[in-house]
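Notes follow once the structure below has been shown.
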Amino acid sequence: MPADSPPSRISLLDLFRGSAVLLMLVYHFCFDLRYFGVIRFNFESDPFWLIFRSIIVSSFVLAVGVSLALSTRNGLDPGRFIRRQAILVAAAAMVSLGTYLLFPSTWVVFGILHFIFVGRILALFFLRFHAMNLLFALLFLLAGLLLEHPAFNHPWLHWLGMMTHKPFTEDYVPVLPWFGVLLLGIPLGKMFAQGRLPLQFVSSLPTVLAPLSWLGRNSLAVYLLHQPLFMGILYLVVR
């Protein structure tokens with residue numbers, strides 16, 4: 001979600017992240033409509049909504065890997081990295097607190113922001129592997145999708161994944177398999193850094209794409225603010 005800004009912004013990455021934000025807004029608005037009883041969509045088991053959510057999470061996580069590779073192309077800046085991590089942990093705590101107040105039985109313990117915080121730290125050990133990360137990504141993806149054991153059902157281990165059942169929570173993005181998706185973004189980010197992908201630097205965007213680019217540049221702020229805004233508006237309209 002959060003974007004480390006490289007010296008020259010890559011418009012294609014902003015558009016990609018912005019598209020994910022737009023999909024997220026659609027998903028959460030529909031979710032809120034169900035919360036207020038306007039619609040009856042089944043977000044928990046309907047394949048359409050499950051795939052829709054997976055696309056959104058995959059897009060955000062992939063963008064994190066790309067951004068991390070770009071921001072460390074000239075070496076890791078510890079101060080900058082720690083500042084971003086501090087912002088992430090504060091934002092994740094806000095999400096946990098907010099969902100605890102609104103949904104005390106299904107509050108977010110380890111959601112997308114919590115994963116990004118942990119994933120960025122773990123990814124530091126893989127930055128030097130370059131294309132080998134494609135193999136590591138496959139291994140983590142397969143482990144998360146195919147392996148499960150009752151030991152991982154313990155609440156303190158939910159963040160790892162490999163549970164025999166999904167925990168009851170409003171958002172759940174475990175390390176496995178999602179760290180595999182993050183690792184896929186690292187070689188892609190290195191390709192961006194080397195200028196090996198076409199159309200990555202765009203001096204001017206068509207007017208119709210400007211809002212998507214803005215969403216991509218401000219994804220964390222939009223993520224934190226959109227649900228209170230949606231819920232507040234719907235409360236006033238529906239109630």
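Of the residues making up segment 94-124, those that are surrounded by 13 or more Cβ atoms within 10 Å (Cβ to Cβ), over 19 Å from GLY65 (Cα atoms) and of a type in the set (A, V, I, L, M) are VAL95, LEU102, VAL108, VAL109.
In segment 66-80, the residues that are within 14 Å of ASN133 (Cβ to Cβ) form Cβ pairs under 7 Å with partners that are in a loop (DSSP other than H, G, I, E, B) and of a type outside the set (S, T, N, Q), at six or more places apart or across chains, as follows: LEU68/ASP4. Within segment 66-81, the presence of a residue that is within 21 Å of LEU113 (Cβ to Cβ), in a helix (DSSP H, G or I), at pLDDT 95 or above and of a type in the set (Ser, Thr, Tyr) is excluded. Selection within segment 87-141: residues that are part of a loop (DSSP other than H, G, I, E, B) and without any contact (Cβ under 8 Å) to a residue 60 or more places away in the chain. The member of this set that is farthest from MET231 (Cα to Cα) is PHE125. Can you spot a residue in segment 169-187 that is of a type outside the set (Lys, Arg), closer than 18 Å to LEU68 by Cα, crowded, with 18+ Cβ neighbours inside 10 Å and at pLDDT below 90? Within segment 169-187 (the criterion being of a type outside the set (Lys, Arg), closer than 18 Å to LEU68 by Cα, crowded, with 18+ Cβ neighbours inside 10 Å and at pLDDT below 90), the answer is no, since none of the residues qualifies. Of all residues in segment 22-51, those that are under 14 Å from PRO228 (Cα atoms) have Cβ atoms under 6 Å from Cβ atoms of residues that are of a type in the set (A, V, I, L, M) and part of a loop (DSSP other than H, G, I, E, B), 6 or more apart or on another chain, in LEU33/ILE39. Reported count of residues in segment 122-151, each being out of contact with any Phe, Trp or Tyr (no Cβ under 9 Å at 6 or more places or on another chain), over 30 Å from TYR35 (Cα atoms) and hydrophobic (A, V, I, L, M, F, W, C), is 11. Selection of segment 36-53 for residues being loosely packed, with under 12 Cβ neighbours inside 10 Å and within 20 Å of LEU113 (Cβ to Cβ) yields an empty set. Only one of the numbered conditions (1) over 15 Å from the mean Cα position of the chain (by Cα); (2) surrounded by fewer than 20 Cβ atoms within 10 Å (Cβ to Cβ); (3) not hydrophobic (A, V, I, L, M, F, W, C) is violated by THR72, and that is (2).
Working only within segment 201-226, note down all residues that are among the β-branched types (Val, Ile, Thr), at pLDDT below 85 and either assigned to a helix (DSSP H, G or I) or within 20 Å of VAL64 (Cβ to Cβ) (or both). Across segment 201-226, the qualifying residues are THR207, VAL208.
The values are calculated or read from the model by the stated rules, or taken from the named source; none is laboratory data. Here the structure is a predicted model, which is why all the values come from computation and not from measurement. Positions of Cβ are generated from backbone atoms using ideal geometry, with glycine treated the same way; all protein chains shown enter the neighbour counts.
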